[in-house]
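Report on the following structure.
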Amino acid sequence: MAEGMAKPRLVADPSMADGRWFTKVLQHAGVLGEAAVAQVERQQIGTGLIGQNVAFSLTYDRPAPDAPTSVVGKFPSPEPQRRATAKALRLYEREVRFYQEIAGTVDVRVPACYLADIDLKTCDFVLLFEDLRPAVQGDQLAGCSLDEAMLAMDELAGLHASRWGDPTLANIEWLGQFDDAQSHEMIRSMYQGLWPGFAAHYGPSLPSSALALGEAFGASLSDWRRTWTRPCCVTHGDYRLDNMMFGTDEGGYPLTTVDWQTVGHGPGILDAAYFIGNGLRVPDRREHEMDLLKRYHDGLGDRGVEGYEWNRCLVDYKRATLAGVLLAVIASQIVASDERGDAMFAAMAERHFAHAIDNQAGDILTRR
């Protein structure tokens with residue numbers, strides 16, 4: 001950040017982000033000298049289930065070789081229900097705070113952030129990032145290749161190992177705390193309240209064993225969350241393909257992880273199981289599941305994590321397959337969705353329930 005320069009005002013409406021504002025933002029970020037942004041062009045990108053993402057093309061009034069010619073902004077959803085959901089779950093706050101306080105302390109590729117600001121009273125916020133294109137977004141419906149999944153495991157090990165067992169994370173109030181008792185009860189109540197709607201909508205396409213597992217999980221959810229033990233680390237909370245940007249032959253970082261609205265402090269294996277269960281189609285996951293888990297476990301060890309033995313990792317993984325069930329049920333019911341979103345949640349339901357059943361998660365619940 002440029003020293004002595006006033007912080008830019010918070011602009012939460014992309015239509016109000018004009019050349020003067022971009023000039024102040026980029027100068028404050030230290031990537032723009034004496035030039036000024038003379039022209040701004042806007043393009044809506046992404047599905048925007050919770051917020052809205054806009055790509056801005058920037059033209060300068062003179063040569064500015066070190067300044068970006070395009071940036072991506074993230075803003076609150078204009079839809080009241082989605083915005084209210086984000087506020088209640090502190091999604092906007094957590095993502096802004098992640099870039100302000102944590103992103104620089106973890107070994108995972110995230111986009112360079114030029115501005116992160118929020119008004120907690122109104123939940124107005126803005127995040128302004130480097131444009132990652134020509135990298136492309138992962139496709140949750142299509143699934144990914146084994147090479148892409150291995151790369152995702154490498155990045156995840158870097159994220160988790162960076163602050164593995166760090167006791168200071170428990171003191172960060174805005175960071176989602178997995179072992180918070182109040183959170184246990186809220187999530188149990190939410191899951192049980194939303195389950196009938198989920199079962200009515202997605203149940204006809206699921207086997208009876210999946211519905212039985214979902215019912216049993218709702219009854220045992222608080223115990224399932226409460227019995228996890230430390231060490232914990234920084235977790236993404238929604239580590240899946242739609243939240244990843246993959247490099248292409250034309251350029252881009254190999255893999256950049258975005259959408260940190262659900263960042264938390266909890267068992268890292270939950271992220272790993274969630275990705276493995278949903279990132280690949282069911283037959284591919286069954287074939288490569290243990291290879292991917294071993295890649296993650298080895299990555300932790302290579303980055304200095306000690307005391308997390310393979311046998312414990314495997315047991316934790318089987319229990320963690322239920323994290324996908326939890327998120328599939330809750331997310332599908334609280335997020336206002338479009339046609340692609342509905343198809344995505346249907347795929348999540350199919351894959352996560354199959355994942356949990358394949359790993360005998362129902363037996364784990366009965367042994368609690």
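Within the set Gly247, Gly237, the sole residue that is touching a strand residue (DSSP E or B) at 6+ places or on another chain (Cβ under 7 Å) and either at pLDDT below 95 or under 22 Å from Arg97 (Cα atoms) (or both) turns out to be Gly237.
If I ask for residues that are of a type outside the set (D, E, K, R) and closer than 28 Å to Glu306 by Cα, which ones from region 232-243 would you list?
First, the residues of region 232-243 that are of a type outside the set (D, E, K, R): 232-237, 239, 241, 243.
The answer is Cys232, Cys233, Val234, Thr235, His236, Gly237, Tyr239.
So Ile330 ticks every box in (1) modelled with pLDDT under 95; (2) closer than 19 Å to Val282 by Cα but one. Which box is left unticked? Only one criterion in (1) modelled with pLDDT under 95; (2) closer than 19 Å to Val282 by Cα is unmet by Ile330, namely (2).
Okay, residues lined up against (1) more than 22 Å from the chain's Cα centre (by Cα); (2) assigned by TED's automatic domain parsing to the domain that holds Gly247:
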| position | (1), (2) |
| --- | --- |
| Cys123 | no, no |
| Gln140 | no, yes |
| Asp147 | no, yes |
| His160 | no, yes |
| Thr168 | no, yes |
| Trp174 | no, yes |
| Gln177 | no, yes |
| Ala219 | yes, yes |
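Would you check if there is a residue in region 76-92 being among the hydroxyl-bearing types (Ser, Thr, Tyr), free of Cβ contacts under 8 Å to residues at least 40 places away in the same chain and outside the structural domain of Ile172 (by TED's automatic domain parsing)? Looking for residues that are among the hydroxyl-bearing types (Ser, Thr, Tyr), free of Cβ contacts under 8 Å to residues at least 40 places away in the same chain and outside the structural domain of Ile172 (by TED's automatic domain parsing), one finds at least one in region 76-92, hence yes. Scanning region 127-136 for residues that are in contact with an Asp or Glu (Cβ under 8 Å, 6 or more places away or on another chain) and surrounded by fewer than 18 Cβ atoms within 10 Å (Cβ to Cβ) yields a total of 1.
Return yes when Leu292 is in contact with a Leu (Cβ under 6 Å, 6 or more places away or on another chain) and outside the structural domain of Glu95 (by TED's automatic domain parsing) and no when it is not.
Details: in contact with a Leu (Cβ under 6 Å, 6 or more places away or on another chain): no; outside the structural domain of Glu95 (by TED's automatic domain parsing): yes.
When the stated conditions are applied, Leu292 does not pass them.
Sort out which residues of region 75-95 are among the hydroxyl-bearing types (Ser, Thr, Tyr) and at pLDDT below 95, and write them in order of number. Talk me through it step by step, then tell me what you get.
Going residue by residue through region 75-95, those that are among the hydroxyl-bearing types (Ser, Thr, Tyr) are 77, 85, 92.
Answer for region 75-95, where residues must be among the hydroxyl-bearing types (Ser, Thr, Tyr) and at pLDDT below 95: Ser77, Thr85.
Residues that are buried (at least 19 other Cβ atoms within 10 Å of the Cβ) number at least 2 in the following strands (runs of 3 or more DSSP E) confined to region 1-84: 51-60, 70-76. Within region 100-125, residues that are surrounded by fewer than 20 Cβ atoms within 10 Å (Cβ to Cβ) sit with their Cβ atoms under 8 Å from residues that are modelled with pLDDT under 95 and part of a helix (DSSP H, G or I), at 6+ positions apart or across chains, in these pairs: Cys123/Arg83; Cys123/Ala86; Cys123/Lys87.
So if I check each of Trp228, Trp224, which one is within 20 Å of Asp358 (Cβ to Cβ), assigned by TED's automatic domain parsing to the domain that holds Ser183 and among the hydrophobic types (A, V, I, L, M, F, W, C)? Full working, then the answer.
Working: Trp228 fails: within 20 Å of Asp358 (Cβ to Cβ).
Residue meeting the stated conditions: Trp224.
Would you confirm, using the coordinates I've provided, whether Pro254 is surrounded by 22 or more Cβ atoms within 10 Å (Cβ to Cβ), touching a helix residue (DSSP H, G or I) at 6+ places or on another chain (Cβ under 9 Å) and modelled with pLDDT of 95 or more? Here the answer is no, as Pro254 does not meet what is asked. Where helices (runs of 4 or more DSSP H) sit wholly within region 143-227, those with at least 2 residues that are free of Cβ contacts under 8 Å to residues at least 60 places away in the same chain and either surrounded by fewer than 14 Cβ atoms within 10 Å (Cβ to Cβ) or in contact with a Lys or Arg (Cβ under 8 Å, 6 or more places away or on another chain) (or both) occupy 181-202, 208-226.
Just one of the numbered conditions (1) buried (at least 16 other Cβ atoms within 10 Å of the Cβ); (2) among the hydroxyl-bearing types (Ser, Thr, Tyr); (3) modelled with pLDDT of 95 or more is not true of Thr262: (3).
The values are calculated or read from the model by the stated rules, or taken from the named source; none is laboratory data. Nothing here was measured: the structure is a model prediction, and the numbers come from that model. Glycine gets a Cβ as well: all are built from the backbone with ideal geometry, and neighbour counts include every protein chain shown.
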